[in-house]
Amino acid sequence: MSAGIGFYAFSTQERDIHTPAQDFFPDLLRHAQNADGGWGYRPELPSTTEPTAWSVLALQAHEESSSKTLASATGWLQQAQMTAGAWPTGSGKEPGCWVSALACLALISLKGPSQNSVIRGASWLSETWPAEGNFLWRLRQQKQAHSVVHQDHGLRGWGWTPNTASWVEPTAYALILLQNIPTLYRPSRAVKRIQMGEKMLYDRACPGGGWNAGNPLVYGVPGVPRISPTVWALLALRNYQNHDINVEGAEWLRQRYQSLRSPASLALAHLCLKVYGRAENLLETRLGDLYGNNQFLQSIPAMAWASMALGGVPCWIESSSQAIEAK
Amino acid sequence: MSYSNTRLVPPFNRSPSAVAIRSVSNYAADVEAILWEMLQELRPPVRDKSVLLKPNFVEPDIEGMINTHPVVIRAAREAFLRLGAKSVIVAEGPGHERDTEGILEELRLRDYLGPLDRSFVDLNTDEVSQVGTRTRASRLKSLFLPKAVLAADFVVSMPKMKTHHWVGVTLALKNMFGIVPGSCYGWPKNVLHWAGISKSILDINSTVRPDFAIVDGIVGMEGNGPIQGTPKASGVLVAGDDPVAVDATCARIMGLVPERIDYLQRAALLLGNMSEERIEQLGETIANTSKPFEMLPAFQKIRA
């Protein structure tokens with residue numbers, strides 16, 4: 001395994017991905033943690049919300065929530081939360097946005113003293129609407145796009161950023177979060193938002209199976225599904241595994257799985273297929289080979305997803321039947 | 001400098017631009033030699049500078065009509081190094097696909113450039129700085145932009161020659177959408193759509209001025225671009241020191257009238273030359289390389 005720039009200074013050359021795979025990616029994540037408790041998108045970059053959330057979600061299977069690693073990560077996430085309850089992507093200058101669902105999810109997974117942060121975050125999410133339905137949006141639809149994109153604009157999920165449209169991935173993240181909030185603490189709008197968000201995801205499925213970013217049909221041409229939105233949509237809809245659209249999506253994902261050539265897509269697809277009871281073997285070997293290509297471009301989220309894919313199904317994406325079995 | 005201290009020059013006070021056109025039959029041709037000849041004619045001032053190549057990577061495509069071809073990227077890297085560049089990196093923030101490495105591997109970019117953890121920067125997840133926009137055509141008063149771009153001495157926009165179902169064409173100027181990080185703005189970068197695509201193009205290009213452009217028109221896309229169109233073997237490479245002039249030249253090669261393309265009109269006011277009289281044409285002529293592109297009905301009006 002070749003050593004990359006800087007980042008691998010900590011890594012012993014004899015470390016071999018093929019033997020301790022389950023420990024390899026968690027170790028990389030631990031070593032990449034910043035002194036402030038968070039993670040950047042690559043080692044040595046300043047801490048930002050998304051990679052910190054994924055790292056916590058990956059490491060919580062390997063560490064006690066009271067461990068120094070996770071305690072300092074919790075601290076970072078809590079201090080990054082904005083007054084209104086949302087999280088910015090990073091520096092604190094950005095508006096609260098899509099990463100809020102991931103930050104909340106990470107704090108829930110730790111089952112630590114972050115209940116208030118989670119409630120505020122979930123409340124912000126459930127009160128935050130995308131821009132569809134506002135006056136400007138309706139005007140635009142009437143003027144130009146009605147014949148261009150084919151979707152039900154009455155179904156609103158979540159956008160990537162405030163005052164923009166709903167898209168598949170941020171909607172899926174928000175749904176997974178709200179599904180995981182204990183009933184007692186659920187914001188009052190949560191149930192309605194979950195129902196509408198799920199309908200929106202079904203409406204945005206690509207003809208033939210899977211999801212793309214959120215435009216399944218443009219100028220009458222079917223969109224090509226992509227791995228990441230398909231994975232997160234399927235996970236957000238994991239409790240309806242027999243629904244035709246889920247079945248088509250999972251089958252599309254299974255067929256694509258063998259030919260995947262990047263670690264992020266491979267790990268996410270594996271995780272999703274595991275939830276759907278269709279995971280295949282050889283993940284360790286394939287991830288090892290792919291790591292040798294470009295060292296995952298040093299992507300912390302990709303390392304976190306690889307770590308999760310090599311472990312059991314995390315409780316926050318268990319289907320209802322898996323949850324019952326686990327109990 | 002590509003960022004800061006770059007003056008916006010009105011048309012009456014602007015020197016002419018140089019644009020080179022060369023026919024290239026396919027990607028098996030000696031693209032490296034052809035591009036080297038073009039750059040020798042154009043002589044971009046890159047000695048001892050850090051060069052950032054910004055290709056157009058959108059999502060995997062088996063027909064090679066969506067993304068800038070790796071052959072062209074490697075040829076550009078080699079040429080800039082031969083011209084004395086201190087360093088050359090490739091950087092892109094794909095707009096639809098979060099798995100950047102997946103696109104790079106599907107494109108086989110590693111086969112052309114070597115291991116990518118050393119030579120490629122994912123602009124979607126790079127460290128960002130907040131930067132005020134130099135123009136305020138859109139409602140975007142500032143943008144969070146990647147430090148890799150802001151720190152580069154010389155930025156080269158390397159688009160594919162394609163039609164675009166919202167703005168007509170996507171070339172060197174529109175390609176700069178890819179420097180806006182997905183981590184801050186999402187996949188797609190929907191904020192830019194809501195702010196107005198044409199206006200955002202002007203604001204981004206006035207804030208980070210691409211110093212040079214190389215357009216991969218060897219195989220482009222016509223019809224319902226930039227993703228769902230059909231391949232167009234236009235067999236051409238276009239390069240120049242003024243992205244507006246390069247885009248206007250490409251539009252003419254595509255059988256379009258650049259003056260009818262909204263964002264080019266805006267860019268010609270402040271950023272570069274659009275009129276043929278202000279563009280010194282090197283290499284081959286527009287007439288000899290012109291291959292009109294099929295356009296969606298909404299954009300028939302921009303055809304020549």
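Side notes on the structure shown:
- Selection count, segment B:214-263, where residues are surrounded by fewer than 22 Cβ atoms within 10 Å (Cβ to Cβ) and within 14 Å of chain A (Cβ to nearest Cβ): 5
Yes/no per residue for (1) out of contact with any strand residue (DSSP E or B) (no Cβ under 8 Å at 6 or more places or on another chain); (2) at pLDDT 95 or above; (3) within 14 Å of another protein chain (Cβ to nearest Cβ); (4) surrounded by fewer than 24 Cβ atoms within 10 Å (Cβ to Cβ):
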{"site": "A:236", "(1), (2), (3), (4)": "yes, yes, no, no"}
{"site": "A:239", "(1), (2), (3), (4)": "yes, yes, no, yes"}
{"site": "A:245", "(1), (2), (3), (4)": "yes, yes, no, yes"}
{"site": "A:251", "(1), (2), (3), (4)": "yes, yes, no, yes"}
{"site": "A:254", "(1), (2), (3), (4)": "yes, yes, no, yes"}
{"site": "A:263", "(1), (2), (3), (4)": "yes, yes, yes, no"}
{"site": "A:273", "(1), (2), (3), (4)": "yes, yes, no, yes"}
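- Qualifying residue in segment B:167-175 (condition: basic (Lys, Arg), more than 14 Å from chain A (Cβ to nearest Cβ), within 14 Å of the chain's Cα centre (by Cα) and farther than 21 Å from residue B:130 by Cα): no
- Residue in segment A:50-65 that is modelled with pLDDT under 95 and within 14 Å of chain B (Cβ to nearest Cβ) present: no
- Test result for residue B:199, more than 30 Å from residue B:23 (Cα to Cα) and touching an Asp or Glu at 6+ places or on another chain (Cβ under 6 Å): no
- Taking the conditions (1) of a type outside the set (Ser, Thr, Tyr); (2) over 27 Å from residue B:152 (Cβ atoms); (3) crowded, with 23+ Cβ neighbours inside 10 Å in turn, residue B:286 satisfies each one other than (3).
- Residue count for segment A:213-227, restricted to those that are at the interface with chain B (Cβ under 7 Å from one of its Cβ atoms), at pLDDT 90 or above and assigned to a loop (DSSP other than H, G, I, E, B): 2
- Close pairs from segment B:246-269: first within 19 Å of residue B:8 (Cα to Cα), partner modelled with pLDDT of 95 or more and among the aromatic types (Phe, Trp, Tyr), Cβ under 9 Å, at least 6 apart: B:246/B:212; B:247/B:263
- Some residue of segment A:129-136 being under 23 Å from residue B:98 (Cα atoms) and modelled with pLDDT of 95 or more: no
- Test for residue A:158: is it farther than 21 Å from residue B:100 by Cα, within 11 Å of chain B (Cβ to nearest Cβ) and under 16 Å from the mean Cα position of the chain (by Cα): yes
- Filter pass, residue A:72 being of a type outside the set (D, E, K, R) and modelled with pLDDT of 95 or more: yes
- Condition broken by residue B:208, with the remaining ones in (1) within 30 Å of residue A:54 (Cβ to Cβ); (2) at pLDDT 95 or above; (3) surrounded by fewer than 24 Cβ atoms within 10 Å (Cβ to Cβ) satisfied: (3)
- Answer from A:74, A:83, A:89, A:69 - the residue that is within 14 Å of chain B (Cβ to nearest Cβ) and either β-branched (Val, Ile, Thr) or within 24 Å of residue B:141 (Cα to Cα) (or both): A:89
- Only one of B:52, B:8, B:83 that is touching a helix residue (DSSP H, G or I) at 6+ places or on another chain (Cβ under 7 Å), farther than 23 Å from residue B:175 by Cα, more than 14 Å from chain A (Cβ to nearest Cβ) and touching a residue at least 24 places away in the same chain (Cβ under 8 Å): B:83
- Selected residue (criterion: farthest from the other protein chains (Cβ to nearest Cβ)) from residues of segment B:105-159 that are buried (at least 17 other Cβ atoms within 10 Å of the Cβ) and among the acidic types (Asp, Glu): B:153
- Checked against (1) surrounded by fewer than 23 Cβ atoms within 10 Å (Cβ to Cβ); (2) more than 14 Å from chain B (Cβ to nearest Cβ); (3) part of a loop (DSSP other than H, G, I, E, B), residue A:205 passes all but condition (1).
- Residue within segment A:153-173 that is modelled with pLDDT under 95, assigned to a helix (DSSP H, G or I) and among the hydroxyl-bearing types (Ser, Thr, Tyr) present: no
- Residue B:148 being over 16 Å from the mean Cα position of the chain (by Cα) and among the aliphatic types (A, V, I, L, M): yes
The values are calculated or read from the model by the stated rules, or taken from the named source; none is laboratory data. Note that the structure is predicted; figures quoted are calculated from it, not measured. When we count neighbours, we look across all protein chains shown, and the Cβ atoms used for this are built from the backbone with ideal geometry, even at glycine.
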